[in-house]
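Accompanying notes for the structure given below.
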Amino acid sequence: PKVLGTDGRKMSKSYGNCLYLSDTPEEITKKVMAMVTDPARVRRQDPGNPDVCPLYALDQVFSPKAWCDHVNVECRRAGIGCVDDKKELLKHLLAYLKPIHDRRRELTGDPKKVSEIIAEGSRRARVVAQKTLAEVSEAMKL
């Protein structure tokens, strides 16, 4: 299933509505807090429909099931606001992304290590490609 972007359309870099792995926690927070939510929910007191809310789609990916169940009920009866949900989603989303951000920071601090990783990946890919080409040549009797 597609994950909706910050504007409610499918997440796509051409739409500029993505949360990138390279985004800082501050950038992610800014994007999530500005996200489009249920269009029928204008005020906090208005009941919502999580099924049409891009925020709820991200909740289902990153938040615990208990929170999703809570939002599903409370949003429909206006017991929880969109800002409350955004703040809770951010806790789970940022915790999920923390190891990725930490590893990225570690690697960008050591360009030599990145070059070594790329060289090793190229070497391993070359071995697989040579094997595949040998199988193709044999199958085609070249």
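The values are calculated or read from the model by the stated rules, or taken from the named source; none is laboratory data. Source: prediction; values computed, not measured. Neighbour counts run over all protein chains shown; Cβ positions are idealised from the backbone, glycine included. What goes into the accessible areas is simple: the full protein's heavy atoms, side chains included, and nothing from ligands, DNA or RNA. Shrake-Rupley method; radii C 1.70, N 1.55, O 1.52, S 1.80 Å.
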- Task: For residues that are among the charged types (D, E, K, R) and either open to solvent by less than 20 Å² (accessible area, probe 1.4 Å) or at positive phi (or both), tally how many sit in the stretch 63-90.
- Result: 2
- Message: I need every pair where a residue in the stretch 1-24 that is under 15 Å from Val52 (Cβ atoms) and open to solvent by less than 60 Å² (accessible area, probe 1.4 Å) has its Cβ under 7 Å from the Cβ of a residue that is of a type in the set (Lys, Arg) and modelled with pLDDT under 90, sequence separation at least 6 or different chains.
- Response: Leu4/Lys10
- Quick one: which residue in Val36, Val83 is in a helix (DSSP H, G or I) and touching a residue at least 12 places away in the same chain (Cβ under 8 Å)? Val83
- Query: How many of the residues making up the stretch 14-42 are at pLDDT below 90 and out of contact with any helix residue (DSSP H, G or I) (no Cβ under 9 Å at 6 or more places or on another chain)?
  - Reply: 1
- Please give the number of the condition Gly48 fails out of (1) open to solvent by 20 Å² or more (accessible area, probe 1.4 Å); (2) part of a loop (DSSP other than H, G, I, E, B); (3) among the small types (Gly, Ala, Ser). (1)
